[in-house]
Amino acid sequence: MSMQSMKSRQRFPDEILSAIRKERMLGIRAGRDSVHRIIGIWVVVVEGRVFARSWSMKPRSWWRTFLEDPYGIIVVGGKEIPVRAIQTHSERLKDLISAAYKEKYNKPGDIQYVKDMSRKKSRETTTEFALE
């Protein structure tokens, strides 16, 4: 990715990042097609950026929908925020995101999901949400 496209990427304000860090689940709706409902997913903040991974990768999953139409919304503090989904290719970032999942989602029932989300198949779905 060029430096220009990195600079043009819209960052979330600090208060939104803080809310995302605190929330266990973040509401999202993938794509501009209103057929999709808002669902809850796990997200992490790494280097001031918002990331998620797909656990199920089903044919109609949020991740596959964002591959076809990268625009959607996230819901933070009851507010709908338009976002664009960007696939992450950096192995360095993916390592940091795996560590962030392990740190944030550390309850006994979370551990197996976090392990699954750190494996190659789920790791390849690493998606960044940028302000639209």
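None of the figures in this text is laboratory data; all of them are computed from the coordinates on show. What you see is a predicted model; the values in this text were computed from it and never measured. Reconstructed Cβ throughout: ideal geometry from the backbone, glycine too, with neighbour counts over all protein chains shown.
May I ask for the net charge around Ile111, where only other residues with Cβ less than 15 Å from the Cβ of Ile111 are counted and Lys, Arg are +1 while Asp, Glu are -1?
Spelling it out: positives minus negatives among the neighbours equals +3.
Counting Lys and Arg as +1 and Asp and Glu as -1, what is the net charge of the other residues whose Cβ lies under 11 Å from the Cβ of Met57?
+3
Evaluate Rg over Rh across the chain, taking Cα atoms for both radii and Kirkwood's formula for Rh.
Taking Rh as the inverse mean 1/r over Cα pairs, Rg/Rh reads 0.93.
Report the net charge of residues surrounding Ala30, where surrounding means a beta-carbon distance below 15 angstrom and charges are Lys +1, Arg +1, Asp -1, Glu -1.
+2
For a quick check of your reading of the filter: which GluC sites (Glu not before Pro) in region 1-104 sit in a DSSP loop and have no more than 10 other Cβ atoms within 10 Å?
Glu47
Going down the table (Lys22/Lys79; Lys58/Lys115; Lys22/Lys120; Lys22/Lys115), which pairs top 24 Å between alpha carbons?
Among Lys22/Lys79; Lys58/Lys115; Lys22/Lys120; Lys22/Lys115, the Cα-Cα distance tops 24 Å for Lys22/Lys120.
I need to check one value: relative contact order of region 3-131, counting alpha carbon pairs closer than 8 Å and at least 6 residues apart, in percent.
Computed value for region 3-131: 30 percent relative contact order.
Counting other beta carbons within 10 Å of each residue's own, what order do Met57, Met25, Met117 fall into, fewest first?
Neighbour counts put them in this order, fewest first: Met25, Met57, Met117.
Using a 10 Å cut-off around each Cβ, can you sort Ser61, Ser56 from fewest to most neighbouring Cβ atoms?
With the sparsest Cβ surroundings first, the list reads Ser56, Ser61.
I need the calculated FRET efficiency for the pair Lys115 and Ser18, taking r as the beta carbon distance and R₀ as 25 Å, to the nearest 0.05.
About 0.35, to the nearest 0.05.
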